[in-house]
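I have placed the structure first, in the form of structure tokens, so that the comments after it can refer back to it.
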Amino acid sequence: MKMRYNWDEDVLLIEMMPDGIVDHAEQSDSIIAHLTADGRVVLLEILDASRFLTAIFQQMIRRGAEVPT
């Protein structure tokens, strides 16, 4: 798995299957999943990543989970 962040666009890319062939993509809110023909995730795009990750960390802190450093 590889992760890349585009500062200019505020997009986090998470590559799940480097050799996977994208057949289609599905979007739900700020997450776009690029999928193979049989529905396996090849790539995740998180739009507005800084806002998304801030919300995730805030929830973790409220629940008492340990935030990675």
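Computed values, structure above
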{"read-out": "Mean ellipticity per residue at 222 nm, deg cm²/dmol - from DSSP H runs of n ≥ 4 across the chain, formula -39500 (n - 2.57)", "value": "-6500 deg cm²/dmol"}
{"read-out": "Within the chain, longest stretch free of exposed GluC sites (Glu not before Pro) [DSSP loop, at most 13 other beta carbons within 10 Å]", "value": "10-65"}
{"read-out": "The chain: C-alpha pair distances exceeding 20 Å, %", "value": "39 percent"}
{"read-out": "For M17, net neighbour charge (Lys/Arg +1, Asp/Glu -1) across residues whose Cβ lies under 13 Å away", "value": "-2"}
{"read-out": "Those trypsin sites (Lys or Arg not before Pro) in the chain that DSSP places in a loop and that have at most 10 other beta carbons within 10 Å", "value": "R63"}
{"read-out": "For the chain, with +1 on Lys and Arg beta carbons and -1 on Asp and Glu, the positive-most of I61, N6, T36 along the dipole", "value": "I61"}
{"read-out": "The chain - accessible surface per residue (Å², probe 1.4 Å)", "value": "77 Å²"}
{"read-out": "Most fluctuating residue given options A49, A25, A33, as computed from a GNM of the chain linking Cα atoms under 10 Å", "value": "A25"}
{"read-out": "Helix axis angle, 49-62 relative to the chain longest principal axis, alpha carbon, degrees", "value": "50 degrees"}
{"read-out": "Charged-residue dipole, Cβ positions (Lys, Arg, Asp, Glu), the chain about Cα centre, Debye nearest 20", "value": "380 debye"}
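The values are calculated or read from the model by the stated rules, or taken from the named source; none is laboratory data. Everything numeric in this text was worked out from a predicted model, so none of it was measured. No Cβ is skipped: glycine too gets one built from the backbone with ideal geometry, and neighbour counts run over all protein chains shown. To get the accessible areas, we keep the full protein, side chains included, count just its heavy atoms, and leave off ligands, DNA and RNA. Shrake-Rupley method; radii C 1.70, N 1.55, O 1.52, S 1.80 Å.
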